[in-house]
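Written out below as structure tokens is the structure these notes cover.
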Amino acid sequence: MAHPTRLLFMDLLMDGEKCVNDLTRAAGCDVTTVSKHLALMKSAGLLICEKRGLQVFYQIACPCFEDFFGCIDLISSTSEHTRCAC
């Protein structure tokens, strides 16, 4: 998750599923690099995918991930001693 491209993908996927081509355009990387990131995220249990014709669509596997981003936003916008209430 620590890679900026993976965080970008999770942010984009919070709005709903995306195909590999959409994620490739957003990241500005080649499709091979994007596919490697997505495979790693899928194997970690963060994403699920579905093949439709020639395209593969990804979506977030864990519905609580949006809470994680909200928690990070809360912590980064307040003092360093604030604890998240999650």
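The values are calculated or read from the model by the stated rules, or taken from the named source; none is laboratory data. Model, not experiment: these values are computed from the prediction. All Cβ positions, glycine included, derive from the backbone under ideal geometry; neighbour counts span all protein chains shown.
Computed quantities for the displayed model
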quantity: Pairs, first at positive phi in the range 33-61, second at pLDDT below 95, C-beta under 7 Å, six or more apart; calculated: GLY45/ALA61
quantity: Positions within the range 16-39 being in contact with a helix residue (DSSP H, G or I) (Cβ under 8 Å, 6 or more places away or on another chain) and of a type in the set (A, V, I, L, M, F, W, C), in sequence order; calculated: VAL20, LEU23, ALA26, ALA27, CYS29, VAL31, VAL34, LEU38
